[in-house]
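Derivation of every value follows stated rules applied to the coordinates shown; laboratory data play no part. The structure presented is a predicted model; accordingly, all values stated were derived computationally and were not measured. Note: ideal-geometry Cβ built from the backbone for every residue, glycine included; neighbour counts use all protein chains shown.
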Amino acid sequence: MKWIDYESPHSVREAVDLLNEAGDRARPLAGGTDLLVQLRAKAYDLDLVVDAKNIPELNELTYDPDNGLTIGAAVACYRIYGNSSVRSVYPGIVDAASLIGGTQIQGRASLGGNLCNAAPSADSVPPMIAYNGVARISGPNGSREVALEDFCTGVRQTVLERGEILVSLHFPTPEANSGANYIRFIPRNEMDIAVAGAGVSVVLDNGSIASARVTLASVAPTPLFVAEAGEAIAGKPATEETARIASAIARDAARPITDMRGTIEYRKRLCEVLTRRALMTAIERAKEN
Amino acid sequence: MTQTLDYEPNMVLATKTYDVVGTRPVRHDGADKVTGRALYGADFATAGLLHGSILRSPHAHARIKSIDTSAAKALPGVAAVVTSADFGSDSDAVVDLGEGATSLKWLRDNVLASDKALYRGHAIAGVAASNPHTAEEAVGLIEVEYEVLPPVVTVEDAMADGAPILHDDLKTEELGEQTDTVSNVAQHFQHKKGDVSKGFAKADVIVEREYRAKTVHQGYIEPHNATALWNNDGRLHVWCSTQGAFTVRDAMAQLLDMPVSKIRVTPMEIGGGFGGKIPVYLEPVAALLSRKTGSAVKMVMSRADVFEASGPTCGSWSRVKIGGTSDGTITACEVELACEAGAYPGSPVGAGAMCALAAYDIENGTVDGYDVVVNKPKTAAYRAPGAPNAAFAVEQAVDELAQKLDMDPIELRLKNAAKEGTRRVDGPTFNRVGLVETLEAMRDHPHYSAPIGENQGRGVAVGFWFNIGFDSSVNLAVNADGTVILTEGSTDIGGTRASIAMQAAEVLGIPAEDVHPSVVDTDSIGFTAVTGGSRTTFATGWAAYEAAQSVKKQMIERAAAIWDVDADAVDMNRGVISSKSDPELSMTFKELAAQLGSSGGGISGTASVSPTGVGGSFAGNIVDVEVDPETGKTDVVRFTAFQDVGKAIHPSYVEGQMQGGSVQGIGWALNEEYYMNEAGGMDNSTLLDYRMPTSLDLPMIDTVIVEVANPGHPFGVRGVGEANIIPPTPAIANALQRATGTRLFETPMNPVAITAANGD
Ligand SMILES: Cc1cc2nc3c(=O)[nH]c(=O)nc-3n(C[C@H](O)[C@H](O)[C@H](O)COP(=O)(O)OP(=O)(O)OC[C@H]3O[C@@H](n4cnc5c(N)ncnc54)[C@H](O)[C@@H]3O)c2cc1C
C-alpha cells in the first residue's frame, strides 16, 4: 500500500524548498478538486503533496483602482464571486468562477489550480487572459511574471520549472468603457466539461471597438489566445456585424479534436457562435460602464 | 419561480375508490432512507472481513493464453486469488434463471473469463486481501498473456460478412431450426400475421426507414456489491444488492454446483436497479474467495466497473416499413429489429419484438428479430427491455405516416388502436387494455392544445409493456396491539413495501401504517421471483391480498368461537368484526387482536401465489422541446406522461415510476450512449461524460394516471414500472422534427447530431 506525505508550509520560501527538493515526486495542493481526483485515477505517482492553503500570499484577494486585482493562487471560487469589487469590475472572471463545478466544488476550487492543472477546457483561463492577466511565480531562483496566454504549454503542461509555485494572479484595472464575458457550451445545464468556450474582452471608444481580446477553451492543447480575432476588429463599429468578423477568425484558428464530447466540425461551429455571443455581451457590459 | 397552472399537474383518472388503496400514506421505509440509516451492501461490516478486487480485461476481444497469479499471491496481506479454474466445473448444461435459457458455461465465463475476454472490463481474476488497497495492488501484479483480436461493437458490424467471431461454437438458430452456420447471430425469429404484401398493395402511402439506438446503461447510483461468507458448516451466506434474492441464490447454486438449501441470500437495501441488478457479477467471486480463505469477503464495484462490466441494455438497428390508406387505416407493417446481446447470447430482442406493434390493430404485419453478440458487456434487463428500441423506430414511422397523410398523430393512433380482442402480430389476443383511454386522455389534455413557442416542437408517442406474473410469497402475523407484521421476498425498489402493505391493509380494514412490512432473506420466506417485469405490486400484492384473506377468515372464526356462534354468522368489514344478526356482538380488529392470546393463540396468514391474470400497460407522452438553432442544444420544456396503470395502489409512487421512466427515456434520447473507441473500449465510463440528465436538465414531469382496471387482479393492478420508458425516445424525435424540420433516425439526438442533420 502506497503512502503519500502531506506538508503544509506557512511561507512561499518553505513551499519552494519542499517542491524543489522532491522535484516531480511532489505537487502543490490547492482545493484538490483536480489533484485528488487525479491521484485516485493514478494520473500522478507522488511521494508528497504540498498544501498551498496556509501560505498568506496564496490567500490574498485585494483590489484597488490604481494597482488592479490580485487573486492568490489558492483563493477558492466562492470568495471570488462573493467579492463585490470583483463582481463589479471583473464580471468576466465571475462568469467563470460561478460555473466551475457546483456549490461544493466552488467552496474549494481555485483559479490557480484551474490554471496550473492546464486542461484545455479550464473555464477560468480564457476570461483571465481577456483581462490581460499575469501569473506571479516564485521559485528557487526568485520570482518572475508570465502573461497568462503564455502560461500553459500543452495538455497538463505549464511554464513552471522545478521548485516553482504560482503565488498569485494579477490583473490590471480594466480601461474605461470596457467589458468582458466568458461563456461555454455543455449539452447539459450542469456538471459537464466545456465542449468549447469563449472568453472575450472589449474596450469601446465612441461606439467603436478600440481593442478586443478573444481566447477559446477546449479547442486546442492549451487555452487558445486568438490575437488576430481581436486585432481584426479594432476600429470597427461595435455591432453584431463586427462580432461576426472576429468570430469567423476564431473559428478558423481553432484546432479541435473529435472525441466523446464533440466533433471537430461541431467545435469549430461553437467557436463561431460562442465568440459572437460573448462579444455581444461584452459590448453590452462595456456600454454600461 | 412560482408558476400558475391552468390545469391539474398530476391527475388520477380513477374509476373505483377504496379505503386504503389509492391513498398516499408515508412509506414505511421513509425514516431510514431520509436519515441515511438504511443499510446498503457497501455498509456491510463484520469481524475479520476481507476485501476483494477484480482484475479486468483491458482488451475488448482477446484470447487468454495464460494467467500468472504468483506475484499477487506473494504480496503481504493477500489472502487468496481466484480465476475461472476455481469454479472446478466445465459443465455447459442449459439453465434458466428466469431470464431465458442460457448455457452454464456462458454464465460462468461472464463472472470470470476462461478462454476469452469478450469486452473491456471482463473479469479475469479476483483477489482477497486484508484491505481494499492491497487487493487493488495485488490485482496489478497478476500477469495475463493475451492474444488481442479485432473487436466488433455494433450489430451491423457483427452481422457483416467476415466479421470477427466471438464464439467459435455459436451456431445460428434460424426461424426455429438449428443451422450449422457459425456467426455472431445467435437467433433469427419471426412473428407473422396476415400477408404484408397484400397490405402494402392496398396502401396509399408507405414510409420505410432505418433507425439506430445506442447502448445505454440503467445508471443506478449504487454500484454492485456483494459480501460472501462460506461458513465452516458448508453453508454459504451472501449479502448483496439485488432485485431478486432467490434469483441470486439459484444462480449461485448453478454456478457453484451446490444445493439451494445450502445458500442463504440476504438482500440489502437497494440503490436502484431498473433491471440491471438481476444477474450476479461479484457474488460468485466473493464466494470462491471466501471458500479459499474461510473469511467473509466483500467486493464493491467502481463506477467504471459498473459501466464497463455490468449489463447495459442493447444498442440496436431496425427497419420499419409501414403503409396506410388515405383515411388513416394502417394496412401493413414490417419490422426488423436487431439487438446487441453483449458478449453472450440473450439480448432483449424477444421482448422488443413482442411490443413492437402491440399498440396497433394491424391486419398484416411481420416482426423479425435478431439476437446478436458483440464485444460489449452482456446486456441485462433495463425497464421494458427491447421495447424502447422498437418504439424508437415504429413510433417515428407512425408519426411520419401521420404527417404524410396530413392526420393528427393521436387521431391516427386512435383509429388503429389495439383493444380488447385485438390479436397481436406476435400471437396473443388482448384482454381488457387501456390504450384508447390513454390516447383520449392525451388528446383531451390541455398540454396538447397549448400554444407553442419559437424553435419549439411538440411530439407524441405511445408504448406497450406486457408485464409478468410469476411467484410471490407473503407472511402476515397479527400483533396483540392490532398491528400486523408483513414479511415478503420482493426487493423494494420503487415503494413496494407500501403498495404491498396497503393491499393487506385494505382487506383487513386497518390503516396502512398498522401493517409493518419487511423484506427478508431467502431462509425466511417462500420463493419469490425477481422485482422486475413490473410484477411486484401485482403479484406480491396479490400474495398479500391472499394472506390477508386468510387472516380475515381466521379472525372471523376466532370471534365466532369467542361469541360461541357459527362462523358463517360473522362478518368483517372495514376492520370491524360483527355478527350478521346480533348488533350487540361487535369488536374492532384491535380489540380482537388483544384477545387472541387468551382465546387460542396468535393468528398468522401465509400465501404463495403465481398469478396468471397479468394485465399489460400502455403509456404515452406529449413532449415539447426547444432547440437552439445555432448550437443544437435541446431543452425539454414541457413533458406530460400518461399511463394506464389499472389501479394506482399508492398514486405518489406510481407518479414516481412514470416520472423516473420518462427521465431515463429523455436521457437515452438526448445524450446517453456508450461512446466506443477504435479498440472497442468505452471512452465515457464516468458519470461526467455519460451525461445522464440532472435535475437542471428537466422540466417538472406532469403525470396523468389512467385507470382501466385489470380484470385479472383483485384491485385491478397492472404494473407500472416499465411502459413509461418506451415513449420518450420517439416522442422527443417527433418533437425535434417539428422544431427543426429534420427527422433524426439515431440516438442520441445530441447537439452534434442535430446540427449535423440540419446541414450548414
Ligand atoms: C465535480 C467537479 C466539477 C468540476 N467542474 C469544472 C468546471 O466546470 N470547469 C473547470 O474548469 N473545472 C472544473 N473542475 C475541475 C477543477 O475543479 C478546477 O480545475 C479547479 O479550478 C481546480 O482548482 P483546485 O484549487 O481544486 O486545484 P488542485 O486540484 O488543488 O490543483 C490543480 C493542479 O494545479 C496544481 N497547483 C495547484 N496550486 C498550485 C500552485 N499554487 N502552484 C503550482 N501548481 C499548483 C496542482 O498540483 C494540480 O496539478 C471540476 C472538478 C470537479 C471534481
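Mind checking B:684-697 for the average number of partner chain beta-carbons within 10 Å of each residue's beta-carbon?
3
I need the calculated FRET efficiency for the pair residue B:423 and residue B:610, taking r as the beta carbon distance and R₀ as 30 Å, to the nearest 0.05.
Once the sixth-power term is evaluated, E becomes 0.75.
Take residue B:452 and residue B:18, extend 7 Å from each Cα along the Cα→Cβ direction, and tell me the distance between the two endpoints in nm.
4.0 nm
List residues of region B:653-683, by number, whose backbone nitrogen lies under 18 Å from a label position 7 Å along Cα→C-beta of residue B:157.
B:673-683
Check every DSSP H run in chain A and write down those whose alpha carbon atoms cover 20 angstrom or more along the long axis and whose mean Kyte-Doolittle hydropathy is -1.0 or greater.
A:264-288
Using the charge dipole of region B:620-744 (Lys, Arg: +1 at Cβ; Asp, Glu: -1 at Cβ; taken about the Cα centre), state which of B:736, B:660, B:721 has its Cα farthest towards the positive end.
B:721
Modelled label-to-label distance, residue B:550 and residue A:264, 7 Å Cα→beta-carbon offset: nm?
7.0 nm
Find out how many positive minus negative residues lie around residue B:64, taking Lys and Arg as positive, Asp and Glu as negative, among other residues whose Cβ is under 9 Å from that of residue B:64.
Values: positive: B:63, B:65, B:116; negative: B:115, B:145, B:147.
It works out to a net charge of 0.
Give me B:298, A:53 ranked fewest to most by other Cβ atoms within 10 Å of their Cβ, as a rough exposure proxy. Can you show the working numbers first?
Values: B:298 27, A:53 19.
Starting with the residue having the fewest Cβ neighbours, the order is A:53, B:298.
Taking the Cβ of residue B:328 as the centre, find all other residues whose Cβ is under 9 Å away and add up their charges (Lys, Arg: +1; Asp, Glu: -1).
Around residue B:328, the charge tally is -1.
Tally Lys/Arg at +1 and Asp/Glu at -1 over every other residue whose Cβ is under 15 Å from the Cβ of residue A:7; what's the total? The partial results should precede the final answer.
Details: positive: A:13, A:25, A:27, A:53; negative: A:5, A:14, A:17, A:21, A:47, A:51.
Combined, the nearby Lys, Arg, Asp and Glu give -2.
Between residue B:406 and residue B:628, what length comes free when the chain is fully extended (0.36 nm per residue of separation minus the Cα-Cα distance, one decimal in nm)?
The residue B:406-residue B:628 span can extend by a further 77.2 nm.
Need one number: convex hull volume per residue for chain B, Cα atoms only, in Å³. Before the final figure, lay out the partial values.
Details: hull volume 136.4 nm³, N = 760.
About 179 Å³ per residue, rounded to a whole number.
Given H placed on each backbone N at 1.01 Å, which residues far from residue B:471 in sequence or on other chains put an amide H within less than 5 Å of it?
Residues meeting the amide H criterion: B:529.
Note down the magnitude of the dipole of chain B about its Cα centre, charges +1 on Lys and Arg C-beta and -1 on Asp and Glu C-beta and zero elsewhere, to the nearest 20 debye.
Computed about the Cα centre, the dipole is about 820 debye.
Of A:31, A:8, A:50, which is farthest on the positive side of the dipole of region A:5-51, counting Cα position, with +1 on Lys and Arg Cβ, -1 on Asp and Glu Cβ, and the Cα centre as origin?
A:31
Among A:99, A:39, B:50, which comes first, then next, by fewest other beta-carbon atoms within 10 Å?
Fewest-to-most Cβ neighbours within 10 Å comes out as A:39, A:99, B:50.
Could you give the length gained by full extension between residue B:221 and residue B:696, i.e. 0.36 nm per residue of separation minus their alpha carbon distance, to one decimal place? Before the final figure, lay out each step's value.
Working: separation 475, 0.36 × 475 = 171.00 nm, distance 1.75 nm.
Once the chain is fully extended between residue B:221 and residue B:696, it gains 169.3 nm.
Based on other C-beta atoms within 10 Å, arrange B:189, B:87 from fewest to most. The partial results should precede the final answer.
Details: B:189 17, B:87 21.
Neighbour counts put them in this order, fewest first: B:189, B:87.
Give me the Debye-computed log₁₀ of I(q)/I(0) at q = 0.22 Å⁻¹ for region B:515-619, equal point scatterers on Cα only, no solvent, two decimals.
Results for region B:515-619 at q = 0.22 Å⁻¹ read -1.12.
Run the dipole for the protein assembly as shown about the Cα centre, Lys and Arg Cβ at +1, Asp and Glu Cβ at -1, nothing else charged, and hand back the magnitude in debye, nearest 20.
Dipole of the protein assembly as shown, to the nearest 20 debye: 400 debye.
Computed over the Cα atoms of the protein assembly as shown, what is the ratio Rg over Rh, Rh following Kirkwood? Don't skip to the end; give the middle numbers.
Working: Rg = 31.9 Å, Rh = 31.7 Å.
Radius of gyration relative to Kirkwood radius: 1.01.
Which entries of B:214/B:647; B:193/B:415; A:42/B:298; B:65/B:292 have Cα-Cα distances beyond 30 Å here? Mind dumping the intermediate values first?
Details: B:214/B:647 34 Å; B:193/B:415 19 Å; A:42/B:298 23 Å; B:65/B:292 24 Å.
In this structure, B:214/B:647 lie more than 30 Å apart at Cα.
Where in region B:254-279 does the label zone of residue A:191 land, with the point 7 angstrom along Cα→C-beta and an amide N cut-off under 20 Å?
Counting backbone N atoms under 20 Å from the label point, the list is B:270-277.
Under a cut-off of 21 Å between alpha-carbon atoms, report the lysines in cross-link reach of residue B:192, not counting same-chain residues fewer than 8 places apart.
Partners within reach: B:202, B:321, B:419.
When the chain is fully extended, how far beyond the present Cα-Cα distance does residue B:182 get from residue B:68, taking 0.36 nm per residue of separation?
Difference between extended and current length: 37.8 nm.
Can you compute the modelled spin-label distance between residue B:96 and residue A:45, with each label point 7 Å from Cα toward Cβ, in nm?
Inter-label distance under the simple model: 5.3 nm.
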